[in-house]
Each structure stands twice: as C-alpha cells, then as structure tokens.
Amino acid sequence: MVKAKTWILKKYFEGFPKESDFELRVVDLPEPKDGEVLVEALYLSLDPYLRLFNRDFIKEGDVQYGGQVAKVIQSQNKAFPVGCHVFVHSGWRTHTLSDGSDLTKLPSNWPKDIPLSLALGAIGMPGLTALYGLEEVLQIKAGETVLVSAAAGAVGAVVGQICKIKGCKVVGSAGSDAKVAYLKELGFDEAFNYKTISSLEEALKAASPDGYDCYFENVAGPFFTAALSQMKKEGRIAVCGAISVYNDTTPQTCPFPHKTMLVNHLKMEGFTVWKWKHKDEESLQRLLTWMKEGKLKAKEVVTVGFENTPAAFLRMLRGNDIGKHIVKV
C-alpha cells in the first residue's frame with residue numbers, strides 16, 4: 001500500500017484562483033495488479049489552460065487536472081518496466097496507479113544533459129502546440145512575417161524559435177523589459193513591451209511596416225483587435241489561447257472583426273494540440289534534435305515541493321516570470 005498525496009479542487013475558480021480553492025489529501029493506493037504500473041511524479045506541469053478548462057475537465061472534489069513526468073516504480077506491465085520515464089495526465093498527485101493506457105513513454109534516446117522536465121515544456125505539450133500551430137494551422141513559409149503575443153511564455157518562446165528555423169521574420173510582444181530582452185536572446189527580429197508603449201497599433205506598424213502574414217494568438221482582448229488591423233491580405237491567424245480573459249467574471253467585448261476579415265480575406269482557426277496526437281512521436285524527435293543542435297532553447301521556473309503546487313500555479317497565472325512553470329516533486 002502506497003500513500004499518495006493529492007491536491008483536490010475544493011471549489012471552482014471565481015475570478016483569479018485562490019490557494020483556498022484547493023485541499024491537500026492523502027489516499028491509499030493498492031499494489032499494481034496484472035497489467036498495471038505504479039508511477040511516482042518527478043515534475044508537475046503548470047499551464048494557463050488549467051485555468052481555462054477548469055470547469056470542463058473536472059468537478060469539485062476531483063484531483064486537480066494536469067500533466068506530469070513520472071518514473072515507474074512498480075510494474076506488472078511489460079511495456080513499462082521499472083525505471084522508465086513516462087508522461088501522464090493524472091493531475092496533481094505524487095503517485096498514480098495506471099493500466100498503461102494513459103502513459104506515454106519519453107523518447108528512449110533522451111540525452112542525459114537535457115533535463116527530463118523539458119518533456120513538460122519545449123519538448124512536450126507547449127513545444128508541440130507551437131509546432132502544430134505553425135505547421136498545421138498557419139502553414140508558415142520562409143520569408144513570411146509572423147506576430148506572436150505572449151511571446152515569452154512556454155509556447156510563444158518556442159513559436160519564435162521555430163519561425164527562425166524555418167526562415168521567417170518574427171515579432172514578439174511581452175509584458176516586461178526583461179522578457180523583451182529574453183526574446184532578443186532567442187533570435188526574435190523585433191520585440192516590444194506592450195505595457196510601456198503608447199499605442200499598440202503604432203508599435204505593430206513600427207515592427208513590421210508591411211504588416212503580418214501570420215499571427216499566433218495567445219492573449220485576446222485589445223491586442224487581438226490591434227493585431228487584426230495589421231494583417232496582410234490572405235493573412236492567417238492561429239488561436240492558441242486568450243490569457244487576458246481567463247479570470248474575467250464578466251465577458252469582454254471587442255469591435256466586430258467581420259469587415260476587416262472580409263476585406264482582407266483573413267483565415268482564423270482555433271486549435272488544441274491533441275488534434276495531431278498521431279504525429280507526436282515524430283514531432284518530439286524533431287524538437288529534441290533542434291534542442292541538441294542548439295537551435296531551440298528554453299527557460300524554466302521551478303518550484304520545489306509538492307505542497308507548494310497551488311502557490312506555484314497562482315504565480316504562473318500572474319505572468320511575471322520568464323519560462324515554463326513546473327513543480328519539482
């Protein structure tokens with residue numbers, strides 16, 4: 001019998017989440033039966049989508065939803081021997097009993113000098129989101145100009161780097177001077193702090209006077225309206241997120257975009273990474289190769305201690321840090 005610590009969603013979020021919305025509980029897990037494995041969490045993933053889909057994925061009283069990198073510590077399943085590392089969407093828990101159907105093995109050629117935690121970031125769901133948004137939705141081409149909002153985030157930073165790998169010009173927006181400096185380090189052609197400029201429209205024009213072929217949308221709100229007006233004819237927009245409205249209790253409204261979309265023949269598509277799951281194995285290998293070649297870089301914000309998970313989640317949502325937020329269990 002193993003005692004597993006879990007964080008329960010005690011109450012649905014109203015506005016910005018609070019630590020009191022969660023409750024720490026301990027549950028007993030039996031020994032794995034035939035075909036089952038017991039995994040121990042190494043790292044938990046903290047992502048904005050956990051706020052967005054809070055009411056869609058779980059009920060009050062359930063274990064808080066989320067992904068983790070874990071190690072198999074007991075196994076009655078030949079496909080997952082003791083010692084192998086896996087990704088699993090089992091939520092905020094220290095131990096998980098699984099029949100293997102929800103486990104994804106990390107690539108067997110994972111380099112020892114690359115942290116396993118990156119399987120939750122640049123070489124995981126955020127990296128795949130960036131890749132599929134660019135290749136499958138936007139279908140970017142060399143020489144095009146791409147705009148990225150929330151560009152210093154776990155997804156946005158990878159978006160910009162893949163754009164450069166593929167020969168595009170990339171412009172990024174972020175919320176601090178330190179984040180703008182980070183984007184420059186990553187190779188963004190232009191970057192600006194949206195909190196300190198006097199006009200979003202003028203900043204976007206200055207960064208790319210000819211407009212934008214593609215927009216990787218992460219924020220919604222006034223930024224989306226400003227970006228829409230700067231799109232070139234036949235422009236494409238990939239809607240990945242809407243971080244500026246996640247905590248609103250009253251829905252925001254913006255000018256109707258129909259005329260702009262009609263006149264400029266714009267295409268806009270919302271997406272989630274799961275649509276192309278059948279491509280994940282090959283895609284992860286490409287991300288891993290770019291990382292090994294030095295073409296892809298990533299920063300992490302690491303919180304140590306399972307008991308600090310709710311506080312780390314709130315810190316992630318405030319958006320003041322640079323890098324992918326994880327909890328080292």
Output for the stretch 289-329, where each listed residue is open to solvent by less than 40 Å² (accessible area, probe 1.4 Å), closer than 18 Å to Ile114 by Cβ and modelled with pLDDT of 95 or more: Trp290, Met291, Leu296, Val301, Lys324, Ile326
What's the total number of residues in the stretch 133-152 that are open to solvent by 10 Å² or more (accessible area, probe 1.4 Å) and either aliphatic (A, V, I, L, M) or outside the structural domain of Lys179 (by TED's automatic domain parsing) (or both)? 4
Residues in the stretch 282-329 that are assigned by TED's automatic domain parsing to the domain that holds Ser108 and among the hydroxyl-bearing types (Ser, Thr, Tyr) total 2
When the stretch 96-132 is checked residue by residue, the ones that are surrounded by fewer than 21 Cβ atoms within 10 Å (Cβ to Cβ), of a type outside the set (Gly, Ala, Ser) and either closer than 28 Å to Asp21 by Cβ or without any contact (Cβ under 8 Å) to a residue 12 or more places away in the chain (or both) are Leu97, Asp102, Lys112, Asp113
Restricting attention to the stretch 223-239, does a residue exist that is free of Cβ contacts under 8 Å to residues at least 40 places away in the same chain, part of a strand (DSSP E or B), open to solvent by 50 Å² or more (accessible area, probe 1.4 Å) and out of contact with any Gly (no Cβ under 7 Å at 6 or more places or on another chain)? yes
Quick one: which strands (runs of 3 or more DSSP E) lie wholly within the stretch 72-152 and hold at least 3 residues that are touching a strand residue (DSSP E or B) at 6+ places or on another chain (Cβ under 6 Å) and either under 24 Å from Lys267 (Cβ atoms) or modelled with pLDDT of 95 or more (or both)? 85-88, 95-98, 145-148
Could you check the stretch 182-203 and list, in sequence order, the residues that are surrounded by fewer than 18 Cβ atoms within 10 Å (Cβ to Cβ) and part of a strand (DSSP E or B)? Asn193
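The values are calculated or read from the model by the stated rules, or taken from the named source; none is laboratory data. Just so it is clear, the structure is predicted and the values come from calculations on it, not from any experiment. Cβ: placed from backbone, ideal geometry, glycine included. Neighbour counts: every protein chain shown. The area values use the complete protein model at the heavy-atom level, side chains included, leaving out ligands, DNA and RNA. Shrake-Rupley method; radii C 1.70, N 1.55, O 1.52, S 1.80 Å.
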